Amino acid sequence: MSPGQLRPSYPEAVEKGAERITQLLHGHYHLAPRAVALLLLQEDAEVGDLVRRQEGSARWRAIQAVVGEVKKQVAEPLSYILAVRRQEAARALARAVISREKGRRRTWSEVLGDLTMRPLVGIPVLILVLYFGLYQFVGVFGAGTVVDYLEGSIFEAYINPWVNGMVDRLIPWPLVQDLIAHEYGIVTLGLRYAVAIILPIVGSFFLVFSVIEDSGYLPRLALLVDRLFKGIGLSGRAVIPLTLGFGCDTMATLVSRTLETRRERIIATLLLALAIPCSAQLGVILSLLAAYPKALLVWAGFLILVFLLVGYLTAQLLPGDGPSFYMEVPPLRLPQLGNVLTKTYTRIQWYLMEIVPLFVLASVLIWLGRITGLFDLIVRALGTVVGYLGLPPKAGEAFLFGFFRRDYGAAGLYDLAASGALSPRQLTVAAATLTLFVPCIAQFSVMVKERGWATALAIAGFIFPFAFLAGYVLNLLLTVAGVLG
């Protein structure tokens with residue numbers, strides 16, 4: 001096969017557009033002018049910034065005009081067209097240089113890999129992954145056994161009493177005492193939540209997610225859900241950021257930039273902010289509801305219904321064409337222990353470096369809010385609102401905590417439930433409403449960065465009243481049906 005035959009063949013409109021852009025490029029780049037032109041046609045942001053700086057505003061406007069003309073002449077996104085043509089060229093090269101052994105038997109991993117992409121087998125496999133991976137390992141073991149030991153046997157029994165006693169003896173100022181210790185102190189609340197409640201849940205989730213990721217199962221899950229996701233304006237590719245959202249919605253919002261169109265990115269960002277609980281929030285809620293299987297089913301079913309309903313309505317309201325989907329599927333394999341441990345360690349390190357300081361900051365903000373009276377004012381207002389959901393006013397604190405960090409709010413709910421202040425029905429309503437509640441500060445900041453102020457404020461402005469309306473409806477339905485008591 002000659003080098004010329006390796007060059008992908010693009011539609012005439014693309015070829016002419018690339019040639020016109022090449023003629024407009026006068027700057028010095030590390031790539032061939034044709035490669036730069038093709039990246040500009042795909043609206044690569046990094047290359048676009050580089051070209052705009054080197055070529056000046058006049059030539060940049062001319063290049064954008066060419067890109068706009070080419071987009072009007074094709075029916076599908078240019079990035080999709082170019083990727084498909086490159087795959088065709090790659091297949092032609094593979095056929096020319098690879099010979100297949102006749103009569104070769106397929107391996108078990110190839111057979112299982114194909115079956116996991118078919119609903120008849122793929123859906124039961126997904127249910128098993130969710131049950132053993134998320135519910136049993138993260139929810140029961142991580143959020144139950146490990147959290148109970150660290151919080152009850154370590155912090156509550158030894159660390160918190162020791163810190164309270166030391167602070168009371170060594171620091172004479174009550175305001176400073178409350179900053180470090182007592183009910184809302186940096187150590188007794190912030191570090192306790194971060195280390196004793198959230199870290200075991202996050203760590204167990206990261207371990208499970210690393211196993212799933214290293215096995216090659218995620219791309220197969222994407223193909224499995226592609227048809228369902230098309231109904232909510234997304235392609236199967238969106239399963240990657242949405243699944244990452246179960247680890248951290250902030251990180252997942254960043255990953256949503258890999259989706260093909262702005263329409264898909266907005267829908268994914270909304271669903272991440274609304275209906276996808278992060279790993280710590282998910283683990284805490286699973287541990288709370290594990291003792292009430294019916295409550296857990298109601299919570300999960302309600303969130304799935306909200307996810308699909310809001311996604312469908314958003315897809316109908318937002319202008320734009322439906323998504324296309326293509327994805328490389330790697331071989332299914334047994335996860336490598338070294339890979340799993342490295343990924344888990346890296347993510348836990350990220351948690352300790354990035355998230356733990358936010359817990360400390362949240363404790364400081366709560367302390368400031370309490371000494372200024374602002375905290376109590378907001379808690380009273382939220383206490384009135386949650387009263388309409390059939391919840392005690394004290395639950396308002398959990399929602400306020402949730403604005404600082406989603407997992408912080410879930411941990412506050414954990415404390416409330418541990419005191420016996422919530423019935424199974426109230427616990428279900430509180431968990432559902434808190435899951436749907438406005439995104440935390442970190443996620444909102446990334447939403448502003450990725451989608452802009454207008455979109456981020458619109459999403460938050462929709463979520464806040466919707467979460468409480470949904471909680472009100474759920475409480476009404478459970479009360480009328482006499483479910484969960």
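None of the figures in this text is laboratory data; all of them are computed from the coordinates on show. In this text, all values refer to a predicted model and were calculated from it rather than measured experimentally. Cβ atoms come from the backbone with ideal geometry, glycine included; neighbour counts cover every protein chain shown.
Numbers for the structure displayed
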read-out	value
Of THR428, SER57, ALA315, farthest towards positive along the dipole that unit charges on Lys, Arg, Asp, Glu beta carbons give the chain	SER57
Angle between the chain longest axis and helix 217-230 axis [Cα atoms, degrees, rounded to 10]	90
Cβ-based exposure ranking for ARG20, ARG106, ARG425, in which fewest neighbours within 10 Å come first	ARG106, ARG20, ARG425
Hull volume in cubic angstrom per residue (convex hull over the Cα atoms of region 3-97)	102
Under 16 Å from the Cα of LYS449 - aspartates and glutamates, other chains or at least 8 residues apart	GLU46, ASP249
Relative contact order for region 22-87, counting Cα pairs under 8 Å that sit 6 or more residues apart, in percent	33
Farthest positive-ward along the chain dipole, Cα basis, beta-carbon charges - from PRO439, VAL147, LEU484	PRO439
Potential lengthening between LEU365 and ASP148 on full extension [0.36 nm per residue; Cα-Cα distance subtracted]	75.4 nm
Gyration tensor (alpha-carbon) shape descriptor, region 416-485, a/c threshold 1.5	oblate
Eligible lysines near LYS72 by straight Cα distance, threshold 18 Å, same-chain separation 8 or greater	LYS16
Cα long-axis angle, helix 453-481 against the chain (0 to 90 degrees, to the nearest 10)	50
Among 452-460, 218-226, the order from most to least packed when residues are scored by Cβ within 10 Å on average	218-226, 452-460
Label-point separation in nm, LEU128 to GLU19, each point 7 Å along Cα→Cβ	5.6
Cα→Cβ-extended label distance, 7 Å offset, between LYS294 and PHE464, nm	3.6
Distance between modelled label sites at ILE378 and ALA32, nm, 7 Å Cα→Cβ extension	5.7
Size of charge dipole - the chain - debye, nearest 20, with Cβ of Lys, Arg +1 and Asp, Glu -1, no other charges	1420
Given charges at Cβ of Lys, Arg, Asp, Glu: the chain dipole, positive-most of TYR184, ALA290, VAL111	VAL111
Ranking of CYS440, CYS278 by count of other Cβ atoms within 10 Å, fewest first	CYS440, CYS278
Fewest-first sequence of TYR184, TYR388 by Cβ atoms within 10 Å of each Cβ	TYR388, TYR184
Cβ-Cβ FRET estimate between LYS71 and ASP49, R0 fixed at 22 Å, reported to 0.05	0.65
Net length gained if the chain between VAL111 and ALA92 were fully extended (0.36 nm per residue, minus Cα distance)	4.4 nm
